[in-house]
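The values are calculated or read from the model by the stated rules, or taken from the named source; none is laboratory data. This one's a predicted model, so the numbers in the text were calculated from it and none came from an experiment. Every residue, glycine as well, gets a Cβ built from its backbone with ideal geometry; the counts of neighbours run over all protein chains shown. Remember, those area values only see protein heavy atoms, side chains included, never the ligands or the DNA or RNA. Shrake-Rupley method; radii C 1.70, N 1.55, O 1.52, S 1.80 Å.
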Amino acid sequence: MSTTTPNVLCDLAAERERQDAKWGEQNHPDGTGVQFSGDCDHWTSITERNARRRTSEWAPILLEEVYEALAEIDPVMLRHELVQAAAVCVGWIEAIDRRVTKRA
C-alpha cells in the first residue's frame, strides 16, 4: 500500500459522509447488464493496446474497469469489479498527489 493511500481513503470516507448527509442512504437498482458489453470490449482493447505500446493512461484504464462493472450482472462479480474501479481511482488520485507534491 502506498503511504498516501490512507489519506486518499480518508478523503473518500469524508465524501461518502457528505453524500449520505445530502441524499440519505441510497439503495438503487444496479442497472448493469449486457447492454454495456460492447463498451467493455472497446475499452479493454484500448487498454491492452496501450499497455503493449507502453502508452497507458489513467482515463482508459478507469473506463475499462467501469465498463467491466457495468457489464456484470452477478452481484459478487459486480462488487469485485467495483472494487477494481475504486482501486484505479485511488491509484489515479495518488498519482495526481505525487505530481502536485513534486511541483511544490
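Summary of computed values
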| item | result |
| --- | --- |
| THR4 vs. criteria surrounded by 12 or more Cβ atoms within 10 Å (Cβ to Cβ) and either basic (Lys, Arg) or out of contact with any strand residue (DSSP E or B) (no Cβ under 8 Å at 6 or more places or on another chain) (or both) | yes |
| Number of the condition not met by MET1 [criteria: (1) part of a helix (DSSP H, G or I); (2) over 22 Å from MET77 (Cα atoms); (3) among the hydrophobic types (A, V, I, L, M, F, W, C)] | (1) |
| Unique residue being acidic (Asp, Glu), more than 24 Å from ARG99 (Cα to Cα) and open to solvent by 60 Å² or more (accessible area, probe 1.4 Å) when the list is ASP20, ASP11 | ASP20 |
| Search result, residues across the stretch 73-104 that are surrounded by 14 or more Cβ atoms within 10 Å (Cβ to Cβ) and acidic (Asp, Glu) | GLU81, GLU94, ASP97 |
| Identity of the residue in the stretch 15-27, among the acidic types (Asp, Glu) and part of a helix (DSSP H, G or I), that ends up nearest to the chain's Cα centre (by Cα) | GLU15 |
| Enumeration of residues in the stretch 76-93 that are more than 18 Å from THR5 (Cβ to Cβ) and free of Cβ contacts under 8 Å to residues at least 12 places away in the same chain | VAL76, MET77, ARG79, HIS80 |
